[in-house]
Amino acid sequence: MNPSSARPDYNAMSDEDFRREVRAFFEREYPPYLRYILHRARWHDMKEWWRKLYERGWIAPNWPRERGGMALDAGKMVIYLEEMERHGVARPPDQGITQVGPLIMRFGTAAQQEHYLPRTLSGEYIWCQGYSEPNAGSDLAGLQTAAVLEGEYFVVNGQKIWTSLADDATHIYLLARTGKGTKKQQGISFLLVDLKTPGITLHPIRNLAGHEEFCQVFFDDVRVPRANLVGELDDGWTVAKALLGFERLSIGSPRRPQYALNRLEAVARAKGLLDDPGFLDRFIALKLDIEDGAALYGRFVEQVKRGEPLGQDVSMLKVWTMETWQRLTDLLIEAGAEQGVVAGVHDVAGVEADFLNPFYYARPATIYGGSSEIQRNILAKTVLKLPG
Amino acid sequence: MLQMSVADFVARGTDLARVRRLRGTSAEYERAVWKKMAGLGWLGILVPERYGGLGLGLAEMAIVARGLARALVPEPLTATAVLAATALSGAENEALKREQLPRLAAGDVLPALAWQERAAELDPAAIETRAMPFEGGFKLNGVKRFVAGAAQADAFLVSARTTGGVVLLWLPRDAAGAQLDLEPLADGRSFGTLRLDDALVPRSGVAASGGAALEALGRAFDHGCAIAGAELAGVMERALEMSLDYLRTRVQFGRPIGSFQALQHRAVDLHIHKELASAVLEEAVAALDRGPAAPARAAAASRIKARCADAAARITREAIQFHGAIGFTDEFDAGLYLKRALVLTAWLGAASWHRRRYARLSSGVRT
């Protein structure tokens, strides 16, 4: 399965040809009932889709060909993501592909690469991220989960929280404190842990939408082989930090708000709200906020396509896109009036509308991936050069 | 390249002391500086090459306007080299174009476009000024308002209605029956009010008529909106730079005030608005240079004007607040930027007007 020799060099294709091929595949193969779902996709929803992507050699657009990836350059990667978003293709529980896989390639040993990468690609291993703790959220380096080296094992004690889809996962990648340093970013190590290891318990947390998308993960004398350390001991912060840039671009893509805008416009039209000048003024301001945000996004995309690294200024995209998305779902609720607070899908003069789920879905967008406040701190210091 | 020559011109040829000296005067701007701008080719950017211009696009004009606006250069670039130049370039009267466009590009004649008649009425076809056929020409009656660049204008391109439709006419400033009054603006410049009382225009002064006249006026308005947006971009950029410099250096409570998170986050939001405006300006100007049909042209122009006006309004108002009491003094320059933004925002349609026009064009909404 997945022979890299038979795979075409996608980067040699023209952008148009590549886009056409990706679009055709998504339209043909992606299950229609999973388009634009309003919650994080679960493994049981997505495993068939994972298998289709895997069999086509498309599950890892960012991985090199010799590892079974598509090896897309930045320009082609943007097209791939744009087509996913255009068709409303959900992200599968893909942290193994987007996060830990690339880190293992860069910092892992040959044995770790040989063991983990093929299993991650095939979906045998599904990963979740063990970073945040109850007292280490925005201040992640304040984490306290301890990993004490005893012979050939780390003994891990502590708890992680806001671990998305942990109950779908087979493995967790973990930041834990292994030593002390002069700075709190020092003395942290990056570990790979099998969730079946004795001493691990999961407690799902119900979110505002009523979904159990994230968990608390407790570690009670969990013995992790020393061989599962990625990178140097006490140097896990370097490993974790290596994953930036592209993620902040895709997180700031205008497609999700654009989809929400189309729903809002359909509902507003069906209810005759566009004839109300007060509503219209707010609606059109939001529409322009999204379209103008897309112009800003386009600038960063061009930068990526030219092969230039993204600077810290890409944070502004996340702030703007996510906050605009929220304001849009606020107006959607308002457009629904009494129906806006009734759960479920409504028939609004022939238009199907769900008011509450988009609202809930947009809420954490200004919290995860670095809150809006953290992004503003970054921009103030690194882009505006304001004093600390 | 163009950007550098604009920056060089601003550094050597103009300063805010000149802006202060000219504000509130009936001169408003200097013909000598206007000639220098002509010498650099800027007045002919939008004039086709066969009429002595450079035949370039709005992208180039936006670079010049943005750079000059950073220094609040009072010469009427948008009013004359965009609005009047676009209207005249789109006219049908070849003899008139061959005569006046090279002179406009050379800075030897400075026309202004007199099209608007009522506040907040921005449809170029909303014309009550009458042009009555008279002895081989037209006799004009009516009042044109809010004419930018009028202070030292040598001629006006006047829109009027005849029994047969709309005409666009070339009217020398000193024509009998034409009287110009100036209304003082917040930024020290003025709007002209052109009163036409049996003003005579010979047939040779008919620049365009019918559909061609309306098309020329519509394009001039949209291009004017786009370049007014570029001016607003320059104004907001400089105002934000001033604010950030102040945040970095002003010390209170023993620390630079820019170290306070409350101010940092506000500054970041202004920066985001500035970047949005700049991204929209560049994207939509490029779209305009591809020569879209009238509805797409109008939508692109409105997008620019709406975003740039709102961003500039926000940034220049916050500039006053960031600077505290000094920001409220006439002596300090932040106020000059606030006032320029005020005028550019109101001129050629406020943000809310442009958003509604955009709604009509993009969502087919009746407003």
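The values are calculated or read from the model by the stated rules, or taken from the named source; none is laboratory data. Bear in mind that the values here come from a model prediction, so they are computed numbers and not experimental data. Virtual Cβ from ideal backbone geometry, glycine too; neighbours counted across all protein chains shown.
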Which of the residues spanning the stretch B:256-277 are more than 8 Å from chain A (Cβ to nearest Cβ) and touching an Asp or Glu at 6+ places or on another chain (Cβ under 7 Å)? B:R266, B:L270, B:K274
Quick check on my filter: what residues within the stretch B:153-175 are of a type in the set (A, V, I, L, M) and in contact (Cβ under 8 Å) with a residue 60 or more places away in the chain? B:A153, B:L157, B:L168
Here is a check on your reading of the model: is A:Y54 in contact with a His (Cβ under 9 Å, 6 or more places away or on another chain), touching a residue at least 40 places away in the same chain (Cβ under 8 Å), not basic (K, R) and not assigned by TED's automatic domain parsing to the domain that holds A:L208? no
Cβ-Cβ under 6 Å, sequence separation 6+ or interchain: first residue in the stretch B:104-117 and assigned to a loop (DSSP other than H, G, I, E, B), partner acidic (D, E) and surrounded by fewer than 19 Cβ atoms within 10 Å (Cβ to Cβ). Which pairs? B:V109/B:D154; B:L110/B:D154; B:E117/B:E128
Identify, from the list A:E323, A:E308, A:E373, the residue that is within 26 Å of B:S352 (Cβ to Cβ), under 23 Å from the mean Cα position of the chain (by Cα) and either within 14 Å of chain B (Cβ to nearest Cβ) or surrounded by fewer than 18 Cβ atoms within 10 Å (Cβ to Cβ) (or both). A:E323
Quick check: anything in the stretch A:204-223 in contact with a Cys (Cβ under 7 Å, 6 or more places away or on another chain), surrounded by fewer than 16 Cβ atoms within 10 Å (Cβ to Cβ) and not assigned by TED's automatic domain parsing to the domain that holds A:F355? yes
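Looking at A:A335, A:A380, can you tell me which residue is surrounded by 15 or more Cβ atoms within 10 Å (Cβ to Cβ) and within 14 Å of chain B (Cβ to nearest Cβ)? Explain how you work it out, then say what you get.
Values: A:A335 fails: within 14 Å of chain B (Cβ to nearest Cβ).
None of the other options fit; the residue is A:A380.
Any residue that is without any contact (Cβ under 8 Å) to a residue 40 or more places away in the chain, in a helix (DSSP H, G or I) and away from every other protein chain (no Cβ under 12 Å) - is there at least one of those in the stretch A:250-261?
Quick first cut of the stretch A:250-261, residues without any contact (Cβ under 8 Å) to a residue 40 or more places away in the chain only: A:258.
Next, from what is left, pick out any that are in a helix (DSSP H, G or I): A:258.
If we keep only those that are away from every other protein chain (no Cβ under 12 Å) as well, we get A:258.
Yes: one or more hits.
Listed here are the residues, each with its yes/no results for (1) under 21 Å from A:Y125 (Cα atoms); (2) more than 27 Å from the chain's Cα centre (by Cα).
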residue	(1), (2)
A:L175	yes, no
A:K184	no, no
A:D194	yes, no
A:P204	yes, no
A:N207	no, no
A:E212	yes, no
A:R223	yes, yes
Could we say that A:D330 is farther than 28 Å from B:D269 by Cβ and away from chain B (no Cβ under 14 Å) here? no
Looking at A:V314 and the list (1) surrounded by fewer than 17 Cβ atoms within 10 Å (Cβ to Cβ); (2) under 30 Å from A:L174 (Cβ atoms); (3) within 12 Å of another protein chain (Cβ to nearest Cβ), which single condition is not satisfied? (1)
Of all residues in the stretch A:130-169 being charged (D, E, K, R) and modelled with pLDDT under 95, which is surrounded by the most Cβ atoms within 10 Å (Cβ to Cβ)? A:D168
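So that you can scan it fast, the table gives a plain yes or no per residue for (1) over 18 Å from the mean Cα position of the chain (by Cα); (2) more than 21 Å from B:A69 (Cα to Cα); (3) surrounded by fewer than 16 Cβ atoms within 10 Å (Cβ to Cβ):
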position: B:A294; (1), (2), (3): yes, yes, yes
position: B:I304; (1), (2), (3): no, no, no
position: B:A312; (1), (2), (3): no, no, no
position: B:E318; (1), (2), (3): yes, no, no
position: B:D333; (1), (2), (3): yes, no, no
position: B:L338; (1), (2), (3): no, no, no
position: B:W353; (1), (2), (3): no, yes, no
position: B:A359; (1), (2), (3): yes, yes, no
position: B:S362; (1), (2), (3): yes, yes, no
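Mind telling me which of the residues A:F300, A:F359 ends up being under 25 Å from the mean Cα position of the chain (by Cα), in contact (Cβ under 8 Å) with a residue 24 or more places away in the chain and away from every other protein chain (no Cβ under 11 Å)?
On the way: A:F300 fails: away from every other protein chain (no Cβ under 11 Å).
From the options A:F300, A:F359, the qualifying one is A:F359.
Can you tell me which residue in the stretch A:284-297 is nearest to A:L328 (Cα to Cα), limited to those that are hydrophobic (A, V, I, L, M, F, W, C) and more than 8 Å from chain B (Cβ to nearest Cβ)? Step through it out loud before you land on a result.
Residues of the stretch A:284-297 that are hydrophobic (A, V, I, L, M, F, W, C), as a first pass: A:284-286, A:288, A:290, A:294-296.
Remaining after also requiring more than 8 Å from chain B (Cβ to nearest Cβ): A:286, A:290, A:294.
On the way: A:L286: 7, A:I290: 9, A:A294: 15 Å.
Taking the candidates together, the pick is A:L286.
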Across the stretch A:18-32, what is the number of residues that are more than 15 Å from A:R56 (Cα to Cα) and under 21 Å from the mean Cα position of the chain (by Cα)? 1
For B:L43, all conditions in the list (1) in contact (Cβ under 8 Å) with a residue 12 or more places away in the chain; (2) assigned to a helix (DSSP H, G or I); (3) surrounded by fewer than 21 Cβ atoms within 10 Å (Cβ to Cβ) hold save one; what is the number of the exception? (3)
Are there any pairs, at least 6 apart or on different chains, whose C-beta atoms fall under 8 Å, with the first in the stretch B:350-367 and within 7 Å of another protein chain (Cβ to nearest Cβ) and under 13 Å from B:A301 (Cα atoms) and the second of a type in the set (S, T, N, Q) and buried (at least 18 other Cβ atoms within 10 Å of the Cβ), and if so, which? B:R355/B:S302; B:Y358/B:S302
In the stretch B:139-150, residue farthest from the chain's Cα centre (by Cα) [restricted to those that are surrounded by fewer than 23 Cβ atoms within 10 Å (Cβ to Cβ) and not polar (S, T, N, Q)]: B:K139
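So, restricting to helices (runs of 4 or more DSSP H) that lie completely within the stretch A:74-150, which ones have at least 3 residues that are free of Cβ contacts under 8 Å to residues at least 60 places away in the same chain? It would help to see each step written out before you state the result.
Working: elements: A:74-87, A:101-107, A:110-122.
Because the criterion is at least 3 residues that are free of Cβ contacts under 8 Å to residues at least 60 places away in the same chain, the helices (runs of 4 or more DSSP H) in the stretch A:74-150 that meet it are A:110-122.
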How many of the residues in the stretch A:271-281 are part of a helix (DSSP H, G or I) and surrounded by fewer than 17 Cβ atoms within 10 Å (Cβ to Cβ)? 4
Testing A:R119 on (1) more than 17 Å from the chain's Cα centre (by Cα); (2) modelled with pLDDT under 95, one condition comes back false. Which one is that? (2)
